[in-house]
Amino acid sequence: MHKKLFIPGPTEVRDEILQTMATPMIGHRSTAYADLHKSVEEKVKRLLNTTGRVMLFTSSSTGVMEGAVRNCVARKALHTLNGEFSRRWYEISKANGLPVDTLEVAPGQAITPEIVDAKLAEGGFDALCLTMNETSTGIFSPVAKIAELVRAKYPDIIIMVDAVSCMAGVEIQNDAWGLDVCLAGVQKCCALPPGLAVTTVSSRAMERAKTVPNRGYYFDFIENEKHAAKFNTPATPSVSHMYALDKQMDDIFAEGLANRYARHLAMAEHCRAWARKHFALYGDEQYASPTVTHISNTTGFDFSALNKELGKRGAQVSDGYGPFKGKTFRIGHMGDLTVADVQWLTAQIDDILKL
Ligand SMILES: *Cc1c(COP(=O)(O)O)cnc(C)c1O
């Protein structure tokens, strides 16, 4: 039996989207491909509220996380850490030999404008990495407010945002907030199979990239920009994903962005209320994520037994990530899932655990 995915990625993919992935292949240097690429690019720009560049990469999000720091860090990057995914970005910078420093808060806490300001005031930084929705802890940091502060006080800093587990689930005003790079893979709130990632790239980021000698090859923004001008990519893209994203964007706009964001919040509110009633929400509740609910296992039930039983009923949820394994669990409510879906899910858990 197929298990409906209530995990924070990959998310459940609708049959129509899977069917679209099976569209017959076209050559990636054909006019038909350029038309498709242009269409996808325009729709992603509309989603992210940008009139600037959108680049499309055949890779998971981690690839673009690496590409972004390779293109945009010349002097020193500040990595903000509040969980496992923000830590991954820092590890990526280190693995590339980039100069880095960190600003770390305890898991379950958010990154705030005040602490970013205090750290950047030390000087020497030219890039900032933010994880908008830290999927490992279920914490959503106020990126809009942080960006507003950085743009006002530190105009030369390149702001890079990992929006992997919230893009298309919450509003992102790329240009109004002054983001330079805002990236995400499509297997989370976009509800596509994994394998494609999108990112905005500002003119400020392009100018920075020109000063960086070793930007790498596959994710080199300058090389990609040359091809993007012709609605192409330097290497062969996942054409199947492009078809699927083009259709999914139409479906997202048909639902309405405001409705989509309200649906994510309504799913989150249902899961939070349920969690508070039977367990406890993990972390600082004022920053609780709209797309993944992180719950402390206060009763010490056997998580793998629960997930096994849920599996028989056609659903799957997630264990705590990394150090949280066995101590917490997570319900992903992303993409095309509905409030009725999460109501059904929590009713199943109630039944299995006799809550
Ligand atoms: C899932 C996730 C990633 C990693 O994404 P991949 O597509 O597996 O590379 C990075 N950051 C966040 C916040 C995530 O949720």
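The values are calculated or read from the model by the stated rules, or taken from the named source; none is laboratory data. Keep in mind that what you see is a predicted model, and the values were worked out from it rather than measured. Glycine gets a Cβ as well: all are built from the backbone with ideal geometry, and neighbour counts include every protein chain shown. Ligands, DNA and RNA are excluded from the accessible area calculation, which covers all protein heavy atoms including side chains. Shrake-Rupley method; radii C 1.70, N 1.55, O 1.52, S 1.80 Å.
What pairs can you find where one residue is in region 14-41 and open to solvent by 30 Å² or more (accessible area, probe 1.4 Å), the other is among the basic types (Lys, Arg) and at pLDDT 95 or above, and their Cβ atoms are less than 9 Å apart, with a gap of 6+ or different chains?
Glu16/Lys247
For the condition without any contact (Cβ under 8 Å) to a residue 60 or more places away in the chain, within 16 Å of the ligand (Cβ to nearest atom), under 21 Å from Lys94 (Cα atoms) and not charged (D, E, K, R), what is the one hit in Leu120, Leu130?
Exactly one of Leu120, Leu130 is without any contact (Cβ under 8 Å) to a residue 60 or more places away in the chain, within 16 Å of the ligand (Cβ to nearest atom), under 21 Å from Lys94 (Cα atoms) and not charged (D, E, K, R), namely Leu130.
How many of the residues in region 165-187 are over 16 Å from Thr50 (Cα atoms) and open to solvent by 10 Å² or more (accessible area, probe 1.4 Å)?
The initial filter retains those residues of region 165-187 that are over 16 Å from Thr50 (Cα atoms), namely 165-166, 169, 185-187.
So of that shortlist, the ones also open to solvent by 10 Å² or more (accessible area, probe 1.4 Å) come out as 187.
So the count comes out to 1.
Find all pairs meeting these conditions: Cβ atoms under 7 angstrom apart; at least six residues apart or on different chains; first residue within region 246-270 and on the phi > 0 side of the Ramachandran plot and in the same structural domain as Glu41 (by TED's automatic domain parsing); second residue hydrophobic (A, V, I, L, M, F, W, C) and surrounded by 16 or more Cβ atoms within 10 Å (Cβ to Cβ).
none
Every residue, every condition in (1) assigned by TED's automatic domain parsing to the domain that holds Ser296; (2) open to solvent by less than 10 Å² (accessible area, probe 1.4 Å); (3) over 22 Å from Val186 (Cβ atoms); (4) not hydroxyl-bearing (Ser, Thr, Tyr), yes or no:
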{"residue": "Ala121", "(1), (2), (3), (4)": "no, no, yes, yes"}
{"residue": "Leu130", "(1), (2), (3), (4)": "no, yes, no, yes"}
{"residue": "Ile139", "(1), (2), (3), (4)": "no, yes, yes, yes"}
{"residue": "Ala152", "(1), (2), (3), (4)": "no, no, yes, yes"}
{"residue": "Ala163", "(1), (2), (3), (4)": "no, yes, no, yes"}
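For region 131-151, which residues satisfy the criterion of being touching a Leu at 6+ places or on another chain (Cβ under 7 Å) and part of a loop (DSSP other than H, G, I, E, B)?
First, the residues of region 131-151 that are touching a Leu at 6+ places or on another chain (Cβ under 7 Å): 141, 143, 146-147, 150.
Result: Ser141, single match.
Of the residues that sit in region 290-304 and are surrounded by fewer than 24 Cβ atoms within 10 Å (Cβ to Cβ) and of a type in the set (A, V, I, L, M, F, W, C), which one is farthest from Cys189 (Cα to Cα)?
The extreme case among them is Phe301.
Of the numbered conditions (1) within 22 Å of the chain's Cα centre (by Cα); (2) assigned to a helix (DSSP H, G or I), Leu128 fails exactly one; give the number of that condition.
Unmet condition: (2).
Given the conditions (1) open to solvent by 30 Å² or more (accessible area, probe 1.4 Å); (2) under 20 Å from Asp336 (Cβ atoms), and given that Ile7 satisfies all but one, which numbered condition is not satisfied?
Against the list (1) open to solvent by 30 Å² or more (accessible area, probe 1.4 Å); (2) under 20 Å from Asp336 (Cβ atoms), Ile7 comes up short only on (1).
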